[in-house]
Amino acid sequence: MITAVGSASLEPTYNWLCLHINSNIMINPSEIKLSFIRAPGPGGQNVNKVATAVQLRFNVLHSPSLSESVRARLLAIIGKKITHQGELIIKASRYRTQERNKQDAFDRLEELLKRAAIAPKKRRKTKPTFASTQRRLTNKKLHGKNKSLRGSRGVIQSD
């Protein structure tokens, strides 16, 4: 969820936005860099004049907003999509307007951070029930008995 934090004027820059992931993680607007590039593909008369695609950069390695555990999970999720400087680059060119592409880029960053914020559940060891152990052993004995009967039928012993 993106919420306004500072200035009341809605300028085209996104310095007034703050990205809330959960109660522990809030991304400062100064950590996110936006640049506008020309979108690939068809666009009619405006294709070479208007930069509608958005390139969002977020430095994962040096972000003070992320805890070490969240950072490690995020690095595992994004894999090779990170630069050598530790920046995650999200390119949004799905829509024809700059505003919708900005929102799309922020939504994708928010989705990645929400996935990384969820700590994996610790596995609890469980013991098989007595009945399931008995079923397994009886099936094993039956299977062994069937296999032992296979060899004794057609064998002719010669002296």
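The values are calculated or read from the model by the stated rules, or taken from the named source; none is laboratory data. A quick note: this is a predicted structure, and the numbers were derived from the prediction, not measured. FYI the Cβ positions are ideal-geometry reconstructions off the backbone, even for glycines, and counts take in every protein chain you see.
Residues are listed down the side, and each one gets a yes or a no for (1) farther than 20 Å from Ser65 by Cα; (2) modelled with pLDDT of 90 or more; (3) within 43 Å of the chain's Cα centre (by Cα):
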{"site": "Ala105", "(1), (2), (3)": "no, no, yes"}
{"site": "Leu109", "(1), (2), (3)": "no, no, yes"}
{"site": "Leu113", "(1), (2), (3)": "no, no, yes"}
{"site": "Thr133", "(1), (2), (3)": "yes, yes, yes"}
{"site": "His143", "(1), (2), (3)": "yes, yes, no"}
{"site": "Arg153", "(1), (2), (3)": "yes, no, no"}
{"site": "Ser158", "(1), (2), (3)": "yes, no, no"}
- Task: Would you check which residues across the range 109-128 are surrounded by 15 or more Cβ atoms within 10 Å (Cβ to Cβ) and either in contact (Cβ under 8 Å) with a residue 40 or more places away in the chain or in contact with a Pro (Cβ under 6 Å, 6 or more places away or on another chain) (or both) and list them?
- Result: Leu109, Glu110, Leu113, Ala116, Ala117
- Message: Going residue by residue through the range 28-51, is there one that turns out to be over 28 Å from the mean Cα position of the chain (by Cα), modelled with pLDDT under 70 and surrounded by 14 or more Cβ atoms within 10 Å (Cβ to Cβ)?
- Response: yes
- Query: Looking at Thr126, is it over 20 Å from the mean Cα position of the chain (by Cα), hydroxyl-bearing (Ser, Thr, Tyr) and in a loop (DSSP other than H, G, I, E, B)?
  - Reply: yes
- Select, from Lys81, Lys91, Lys102, Lys114, the only residue that is closer than 30 Å to Arg38 by Cα and in contact with a helix residue (DSSP H, G or I) (Cβ under 9 Å, 6 or more places away or on another chain). Lys91
- Task: Filter the range 55-75 down to the residues that are farther than 16 Å from Pro29 by Cα and small (Gly, Ala, Ser), then identify the one that is modelled with the lowest pLDDT.
- Result: Ser67
